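Reading through the structure tokens given below for one structure.
The values are calculated or read from the model by the stated rules, or taken from the named source; none is laboratory data. This structure is a prediction, so every number in the text was calculated from the model and none was measured. Protein only, heavy atoms only, side chains kept; ligands, DNA and RNA dropped before computing areas. Shrake-Rupley method; radii C 1.70, N 1.55, O 1.52, S 1.80 Å.
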Amino acid sequence: MPEISVVLPSVLVPLADGKSLLTAPADAAVTVQWLLDFVAGDYPALSRRLRDETGTVRRFVNIYVDGQEIRRLHGLATEVAPGQEILIIQSVAGG
């Protein structure tokens, strides 16, 4: 079955049982929202780090579909086809 890859930065890997690459089965295009919901089923702590209680992507999280940031596309409604890659980047603050 075709898959969509979700690549996580090292800061989020501990929330995904040590995995830096997650995959979701997909026969056809799905939305970023569907992918995040799919990942949430296995990794609820990761889901809470990516989206707030309303389901909106947190402002310090950037999600890219084949190199294009979803906020510049269609947000959570951005479609992702099998074989494409999602890259999640989380800003890290320090002081």
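Could you derive backbone 3J(HN,Hα) for segment 54-69 from the dihedral phi with the Karplus parameters 6.51, -1.76 and 1.60 (θ = phi - 60°), listing whole Hz in sequence and x where the residue is Gly or Pro?
Karplus values, whole Hz, x for Gly and Pro: 8, x, 7, 4, 4, 5, 8, 10, 10, 10, 10, 10, 6, x, 10, 5.
May I ask for the distance between the Cα centers of segment 18-54 and segment 55-95, given as a whole number of Å?
Measuring centre to centre over Cα atoms gives 11 Å.
Any idea what the relative contact order of the chain is, in percent, if you count C-alpha pairs under 8 Å spaced at least 6 apart? Walk me through the intermediate numbers first.
Values: 146 pairs, mean separation 36.2, N = 95.
Normalised by residue count, the contact order of the chain is 38 percent.
State in Å² the accessible area per residue of the chain; use a 1.4 Å probe, count heavy atoms of protein chains only, and round to the nearest integer. Don't skip to the end; give the middle numbers.
Details: 5520 Å² over 95 residues.
Here the per-residue accessible area is 58 Å².
How far, in degrees from 0 to 90, does helix 32-42 lean away from the longest principal axis of the Cα atoms of the chain, to the nearest 10?
The angle comes out near 70 degrees.
Between residue 68 and residue 19, 0.36 nm times their residue separation minus their Cα-Cα distance comes to what?
15.3 nm
Taking every alpha carbon pair in segment 4-95, what does the distance histogram look like in 10 angstrom bins from 0, in percent?
16, 56, 26, 2, 0
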